[in-house]
1. For region 287-294, just list the computed ³J(HN,Hα) in residue order, Karplus coefficients 6.51, -1.76 and 1.60, θ = phi - 60°, integers in Hz, with x standing in for Gly and Pro.
2. List every residue whose amide H lies under 5 Å from the amide H of Thr151, counting only residues 5 or more places away in sequence or on a different chain, with H placed 1.01 Å from N in the peptide plane.
3. In degrees, nearest 10, range 0 to 90: what is the angle between the Cα axis of helix 51-62 and the longest Cα principal axis of the chain?
4. When the label point is put 7 Å from the Cα of Arg228 along its Cα-to-beta-carbon vector, which residues of region 1-21 have a backbone N closer than 20 Å?
5. Could you run the Karplus curve 6.51 cos²θ - 1.76 cosθ + 1.60 with θ = phi - 60° over region 248-258 and give me ³J(HN,Hα) per residue in whole Hz, x for Gly and Pro?
6. Answer with a single label: of (i) 37; (ii) 32; (iii) 29, which was calculated as percent of Cα pairs over 31 Å apart from the structure in view?
7. Quantify, in whole percent, the carbon and sulfur part of the accessible surface of region 91-147 (1.4 Å probe; protein heavy atoms only).
8. What ³J(HN,Hα) values, in whole Hz, does the Karplus curve 6.51 cos²θ - 1.76 cosθ + 1.60 give for region 263-272 when θ = phi - 60°, with x put for Gly and Pro?
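The values are calculated or read from the model by the stated rules, or taken from the named source; none is laboratory data. Values in this document were obtained by computation on a predicted structure and should not be read as measured data. A quick note on method: Cβ atoms are made from the backbone with ideal geometry, for glycine too, and the neighbour counts reach across all protein chains shown. Only protein heavy atoms, including side chains, enter the accessible area calculation; ligands, DNA and RNA are left aside. Shrake-Rupley method; radii C 1.70, N 1.55, O 1.52, S 1.80 Å.
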Amino acid sequence: MGNFLAGKAVAVTGAGRGIGRAVALACAAEGAGVVVNDHGVSVDGAEPASEVAQAVAAEIEAAGGEAVAVADDISAMAGGQRVVDTALARFGRLDGAVCVAGILRERMLFNMTEDEWDPVVATHLKGTFTVFRAASAVMRKQGSGTLVGFTSGNHQGSVAQANYAAAKGGVISLVRSAALGLHKYGVTANAVAPVARTRMSANVPMELKEIGEPEDVAALVVYLLSERARAEGITGQVYTIAGPKIAVWAQPRELRAAYADGTWTPERIADFLPGTVGTDPMPMLARLDAMARAAASGDRPNR
(Lines give C-alpha, C1' and ligand atoms only; values in the text may rest on other atoms or scores of the structure.)
Protein backbone atom coordinates (compact mmCIF):
# COMPACT_ATOMS: atom_id res chain seq x y z
CA MET A 1 0.00 0.00 0.00
CA GLY A 2 1.13 3.56 -0.74
CA ASN A 3 0.56 6.77 1.18
CA PHE A 4 -0.51 9.25 -1.52
CA LEU A 5 -3.86 9.64 0.30
CA ALA A 6 -2.79 8.64 3.79
CA GLY A 7 -5.24 9.78 6.46
CA LYS A 8 -7.90 10.87 3.96
CA ALA A 9 -11.49 9.68 3.63
CA VAL A 10 -12.91 9.35 0.13
CA ALA A 11 -16.40 8.49 -1.11
CA VAL A 12 -16.76 6.91 -4.56
CA THR A 13 -20.10 6.41 -6.32
CA GLY A 14 -20.55 3.73 -8.95
CA ALA A 15 -17.72 1.89 -7.17
CA GLY A 16 -19.03 -1.64 -7.59
CA ARG A 17 -17.67 -2.19 -11.08
CA GLY A 18 -15.42 -0.78 -13.78
CA ILE A 19 -13.81 2.61 -13.29
CA GLY A 20 -15.54 3.27 -9.97
CA ARG A 21 -14.24 0.00 -8.53
CA ALA A 22 -10.72 0.78 -9.78
CA VAL A 23 -10.90 4.23 -8.18
CA ALA A 24 -12.07 2.81 -4.84
CA LEU A 25 -9.32 0.18 -4.83
CA ALA A 26 -6.64 2.71 -5.81
CA CYS A 27 -7.71 5.18 -3.12
CA ALA A 28 -7.59 2.45 -0.50
CA ALA A 29 -4.20 1.26 -1.75
CA GLU A 30 -2.89 4.80 -1.29
CA GLY A 31 -4.03 4.95 2.32
CA ALA A 32 -7.55 6.41 2.18
CA GLY A 33 -10.59 5.11 4.00
CA VAL A 34 -13.23 4.54 1.34
CA VAL A 35 -17.01 4.73 1.21
CA VAL A 36 -17.97 2.35 -1.59
CA ASN A 37 -21.30 3.41 -3.08
CA ASP A 38 -23.09 1.46 -5.78
CA HIS A 39 -26.79 0.94 -6.34
CA GLY A 40 -25.82 -2.25 -8.15
CA VAL A 41 -27.82 -1.73 -11.34
CA SER A 42 -27.28 -2.96 -14.89
CA VAL A 43 -26.01 -0.61 -17.62
CA ASP A 44 -29.56 0.66 -18.26
CA GLY A 45 -30.25 1.24 -14.56
CA ALA A 46 -32.37 -1.84 -13.87
CA GLU A 47 -32.19 -4.59 -11.24
CA PRO A 48 -30.54 -2.84 -8.26
CA ALA A 49 -28.60 -5.01 -5.80
CA SER A 50 -26.30 -4.18 -2.90
CA GLU A 51 -23.89 -7.09 -3.29
CA VAL A 52 -21.48 -5.31 -5.66
CA ALA A 53 -20.73 -2.49 -3.21
CA GLN A 54 -20.31 -4.93 -0.35
CA ALA A 55 -17.96 -7.09 -2.42
CA VAL A 56 -15.63 -4.18 -3.19
CA ALA A 57 -15.61 -3.04 0.43
CA ALA A 58 -14.74 -6.59 1.47
CA GLU A 59 -11.97 -6.69 -1.14
CA ILE A 60 -10.45 -3.50 0.27
CA GLU A 61 -10.60 -4.77 3.83
CA ALA A 62 -9.09 -8.11 2.83
CA ALA A 63 -6.12 -6.19 1.42
CA GLY A 64 -5.67 -4.37 4.74
CA GLY A 65 -7.58 -1.18 3.95
CA GLU A 66 -10.64 0.45 5.48
CA ALA A 67 -13.96 0.58 3.65
CA VAL A 68 -17.69 0.69 4.18
CA ALA A 69 -20.41 -0.08 1.63
CA VAL A 70 -23.47 2.07 0.89
CA ALA A 71 -25.96 0.84 -1.70
CA ASP A 72 -28.19 3.95 -1.80
CA ASP A 73 -29.46 5.48 -5.04
CA ILE A 74 -27.58 8.78 -5.32
CA SER A 75 -30.11 10.24 -7.77
CA ALA A 76 -32.17 10.96 -4.64
CA MET A 77 -31.10 13.69 -2.23
CA ALA A 78 -31.30 11.28 0.71
CA GLY A 79 -28.98 8.88 -1.09
CA GLY A 80 -26.28 11.47 -1.68
CA GLN A 81 -26.56 12.66 1.90
CA ARG A 82 -26.26 9.10 3.21
CA VAL A 83 -22.99 8.58 1.32
CA VAL A 84 -21.51 11.63 3.06
CA ASP A 85 -23.04 10.82 6.45
CA THR A 86 -21.55 7.33 6.26
CA ALA A 87 -18.08 8.79 5.68
CA LEU A 88 -18.47 11.04 8.71
CA ALA A 89 -19.76 8.21 10.89
CA ARG A 90 -16.97 5.83 9.90
CA PHE A 91 -13.98 8.14 9.37
CA GLY A 92 -14.95 11.42 11.05
CA ARG A 93 -14.27 13.49 7.93
CA LEU A 94 -14.58 13.56 4.14
CA ASP A 95 -11.67 14.69 1.99
CA GLY A 96 -12.78 13.53 -1.44
CA ALA A 97 -16.03 12.80 -3.26
CA VAL A 98 -15.75 11.04 -6.62
CA CYS A 99 -18.94 10.63 -8.67
CA VAL A 100 -18.58 7.86 -11.25
CA ALA A 101 -22.09 6.35 -11.19
CA GLY A 102 -23.89 6.36 -14.52
CA ILE A 103 -26.28 4.49 -16.80
CA LEU A 104 -27.13 4.49 -20.51
CA ARG A 105 -30.42 4.44 -22.39
CA GLU A 106 -29.71 5.02 -26.06
CA ARG A 107 -32.29 6.39 -28.47
CA MET A 108 -32.41 8.93 -31.27
CA LEU A 109 -33.63 12.30 -30.02
CA PHE A 110 -36.87 12.18 -32.01
CA ASN A 111 -37.74 8.80 -30.48
CA MET A 112 -36.48 9.37 -26.93
CA THR A 113 -39.06 9.04 -24.20
CA GLU A 114 -39.28 10.68 -20.80
CA ASP A 115 -38.46 7.29 -19.24
CA GLU A 116 -35.23 7.23 -21.26
CA TRP A 117 -34.30 10.85 -20.55
CA ASP A 118 -35.05 11.26 -16.84
CA PRO A 119 -33.13 8.32 -15.31
CA VAL A 120 -29.95 9.07 -17.27
CA VAL A 121 -29.92 12.74 -16.32
CA ALA A 122 -30.89 11.85 -12.75
CA THR A 123 -28.07 9.36 -12.30
CA HIS A 124 -25.25 11.29 -13.98
CA LEU A 125 -26.09 14.92 -13.27
CA LYS A 126 -28.39 14.94 -10.27
CA GLY A 127 -26.41 12.07 -8.73
CA THR A 128 -23.28 14.21 -8.94
CA PHE A 129 -25.16 17.17 -7.47
CA THR A 130 -26.59 15.26 -4.49
CA VAL A 131 -23.17 14.03 -3.42
CA PHE A 132 -21.39 17.31 -4.19
CA ARG A 133 -24.04 19.26 -2.29
CA ALA A 134 -23.70 17.15 0.85
CA ALA A 135 -19.91 16.86 0.58
CA SER A 136 -19.33 20.56 -0.03
CA ALA A 137 -21.11 21.47 3.20
CA VAL A 138 -18.69 19.26 5.12
CA MET A 139 -15.63 20.42 3.18
CA ARG A 140 -16.51 24.07 3.64
CA LYS A 141 -16.43 23.60 7.42
CA GLN A 142 -13.18 21.59 7.20
CA GLY A 143 -11.58 24.23 4.99
CA SER A 144 -10.39 21.54 2.60
CA GLY A 145 -11.58 18.83 0.25
CA THR A 146 -11.76 17.77 -3.37
CA LEU A 147 -14.74 17.02 -5.62
CA VAL A 148 -14.27 14.93 -8.77
CA GLY A 149 -17.05 14.61 -11.33
CA PHE A 150 -17.06 12.21 -14.27
CA THR A 151 -17.91 13.51 -17.71
CA SER A 152 -17.26 12.19 -21.23
CA GLY A 153 -15.95 13.32 -24.58
CA ASN A 154 -19.59 12.95 -25.60
CA HIS A 155 -20.34 16.26 -23.88
CA GLN A 156 -19.53 17.58 -27.38
CA GLY A 157 -22.70 15.89 -28.56
CA SER A 158 -23.91 12.42 -29.44
CA VAL A 159 -25.94 11.00 -32.29
CA ALA A 160 -28.05 8.61 -30.19
CA GLN A 161 -27.33 9.66 -26.60
CA ALA A 162 -28.71 13.17 -26.21
CA ASN A 163 -29.66 12.34 -22.61
CA TYR A 164 -26.13 11.14 -21.75
CA ALA A 165 -24.40 14.00 -23.59
CA ALA A 166 -26.62 16.61 -21.93
CA ALA A 167 -25.96 15.14 -18.49
CA LYS A 168 -22.21 14.98 -19.06
CA GLY A 169 -22.14 18.58 -20.28
CA GLY A 170 -24.05 19.51 -17.15
CA VAL A 171 -21.46 17.76 -14.97
CA ILE A 172 -18.74 19.98 -16.45
CA SER A 173 -20.70 23.14 -15.67
CA LEU A 174 -21.46 21.84 -12.18
CA VAL A 175 -17.77 21.14 -11.55
CA ARG A 176 -16.75 24.59 -12.76
CA SER A 177 -19.44 26.19 -10.62
CA ALA A 178 -18.21 24.22 -7.60
CA ALA A 179 -14.63 25.29 -8.30
CA LEU A 180 -15.66 28.94 -8.39
CA GLY A 181 -18.04 28.85 -5.43
CA LEU A 182 -15.84 26.80 -3.11
CA HIS A 183 -12.42 28.25 -3.93
CA LYS A 184 -12.39 30.62 -0.97
CA TYR A 185 -13.13 27.70 1.36
CA GLY A 186 -10.11 25.69 0.22
CA VAL A 187 -12.13 23.18 -1.79
CA THR A 188 -11.17 22.13 -5.32
CA ALA A 189 -13.32 20.55 -8.03
CA ASN A 190 -12.33 18.89 -11.30
CA ALA A 191 -13.81 16.57 -13.92
CA VAL A 192 -12.45 13.48 -15.64
CA ALA A 193 -13.50 12.40 -19.15
CA PRO A 194 -12.12 8.84 -19.30
CA VAL A 195 -11.65 6.54 -22.27
CA ALA A 196 -11.35 3.06 -20.80
CA ARG A 197 -12.59 -0.48 -21.32
CA THR A 198 -15.81 -0.81 -19.32
CA ARG A 199 -19.34 -2.17 -19.67
CA MET A 200 -20.38 1.13 -21.26
CA SER A 201 -17.50 1.45 -23.73
CA ALA A 202 -18.09 -2.08 -25.01
CA ASN A 203 -21.06 -0.80 -27.04
CA VAL A 204 -19.34 2.19 -28.67
CA PRO A 205 -19.97 1.79 -32.45
CA MET A 206 -16.33 2.39 -33.45
CA GLU A 207 -12.85 1.19 -32.59
CA LEU A 208 -11.21 3.62 -30.18
CA LYS A 209 -7.54 3.97 -31.10
CA GLU A 210 -6.82 5.68 -27.81
CA ILE A 211 -8.25 3.68 -24.94
CA GLY A 212 -6.91 2.44 -21.63
CA GLU A 213 -7.93 0.52 -18.57
CA PRO A 214 -9.93 1.60 -15.50
CA GLU A 215 -6.70 1.56 -13.50
CA ASP A 216 -5.27 4.36 -15.68
CA VAL A 217 -8.25 6.52 -14.79
CA ALA A 218 -7.93 5.63 -11.12
CA ALA A 219 -4.33 6.88 -11.08
CA LEU A 220 -5.47 10.30 -12.35
CA VAL A 221 -8.26 10.48 -9.76
CA VAL A 222 -5.87 9.63 -6.93
CA TYR A 223 -3.61 12.45 -8.07
CA LEU A 224 -6.49 14.94 -8.24
CA LEU A 225 -7.48 13.97 -4.69
CA SER A 226 -3.95 14.39 -3.39
CA GLU A 227 -2.25 17.30 -1.67
CA ARG A 228 0.15 17.54 -4.60
CA ALA A 229 -2.70 18.48 -6.93
CA ARG A 230 -4.11 20.90 -4.37
CA ALA A 231 -0.68 22.53 -3.97
CA GLU A 232 -0.60 23.13 -7.72
CA GLY A 233 -3.97 24.89 -7.52
CA ILE A 234 -5.63 22.47 -9.94
CA THR A 235 -9.35 23.25 -9.94
CA GLY A 236 -12.10 23.80 -12.48
CA GLN A 237 -10.33 21.56 -15.01
CA VAL A 238 -11.49 18.75 -17.30
CA TYR A 239 -8.96 16.02 -18.01
CA THR A 240 -9.09 13.09 -20.40
CA ILE A 241 -7.01 10.00 -19.83
CA ALA A 242 -6.90 7.33 -22.53
CA GLY A 243 -4.16 4.76 -22.03
CA PRO A 244 -0.86 6.59 -22.44
CA LYS A 245 -2.52 9.91 -23.30
CA ILE A 246 -3.51 12.58 -20.81
CA ALA A 247 -5.11 15.82 -22.00
CA VAL A 248 -6.76 18.94 -20.65
CA TRP A 249 -9.87 20.42 -22.29
CA ALA A 250 -10.13 24.10 -23.15
CA GLN A 251 -12.12 26.41 -20.94
CA PRO A 252 -15.25 27.81 -22.66
CA ARG A 253 -14.62 31.21 -24.16
CA GLU A 254 -15.80 33.43 -26.98
CA LEU A 255 -13.89 32.62 -30.15
CA ARG A 256 -14.62 35.70 -32.25
CA ALA A 257 -16.83 38.75 -31.84
CA ALA A 258 -18.04 41.60 -33.99
CA TYR A 259 -20.04 44.72 -33.28
CA ALA A 260 -22.77 46.47 -35.24
CA ASP A 261 -22.98 50.18 -35.83
CA GLY A 262 -26.60 50.54 -34.85
CA THR A 263 -29.30 47.92 -34.39
CA TRP A 264 -29.02 44.36 -35.58
CA THR A 265 -31.61 43.15 -38.08
CA PRO A 266 -31.94 39.68 -39.60
CA GLU A 267 -30.66 41.07 -42.91
CA ARG A 268 -27.57 42.66 -41.35
CA ILE A 269 -26.80 39.47 -39.44
CA ALA A 270 -27.16 37.43 -42.64
CA ASP A 271 -24.66 39.69 -44.39
CA PHE A 272 -22.30 40.00 -41.42
CA LEU A 273 -22.21 36.77 -39.41
CA PRO A 274 -20.98 34.11 -41.90
CA GLY A 275 -17.94 36.01 -43.16
CA THR A 276 -16.98 38.01 -40.06
CA VAL A 277 -17.92 36.00 -36.97
CA GLY A 278 -18.13 32.66 -38.77
CA THR A 279 -18.40 29.28 -37.07
CA ASP A 280 -16.28 27.00 -34.94
CA PRO A 281 -16.05 23.62 -36.74
CA MET A 282 -17.78 20.75 -34.93
CA PRO A 283 -15.39 17.76 -34.86
CA MET A 284 -18.14 15.24 -34.23
CA LEU A 285 -19.81 16.10 -37.56
CA ALA A 286 -16.77 14.77 -39.41
CA ARG A 287 -17.31 11.36 -37.81
CA LEU A 288 -20.94 10.94 -38.77
CA ASP A 289 -20.28 9.30 -42.15
CA ALA A 290 -18.01 6.69 -40.57
CA MET A 291 -20.57 6.01 -37.86
CA ALA A 292 -23.36 5.65 -40.43
CA ARG A 293 -21.30 3.16 -42.42
CA ALA A 294 -20.59 1.22 -39.22
CA ALA A 295 -24.28 1.05 -38.38
CA ALA A 296 -25.05 -0.29 -41.86
CA SER A 297 -22.25 -2.87 -42.04
CA GLY A 298 -21.70 -3.83 -38.43
CA ASP A 299 -18.08 -2.66 -38.62
CA ARG A 300 -16.41 -0.54 -35.93
CA PRO A 301 -14.47 2.25 -37.65
CA ASN A 302 -11.46 3.86 -36.00
CA ARG A 303 -12.06 7.00 -34.05
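1. Coupling constants for region 287-294: 8, 5, 4, 5, 5, 5, 5, 5 Hz.
2. It is Val192, Ala193, by chain and number.
3. Taking the Cα atoms of the chain, the angle to 51-62 is about 50 degrees.
4. Counting only backbone N, you get 1-10.
5. Each residue of region 248-258 in turn: 10, 7, 5, 6, x, 7, 5, 8, 8, 9, 8 Hz.
6. This structure yields the entry labelled (ii).
7. Accessible surface attributable to carbon and sulfur in region 91-147 totals 50 percent.
8. Along region 263-272, the couplings run 8, 6, 10, x, 5, 5, 5, 4, 7, 9 Hz.
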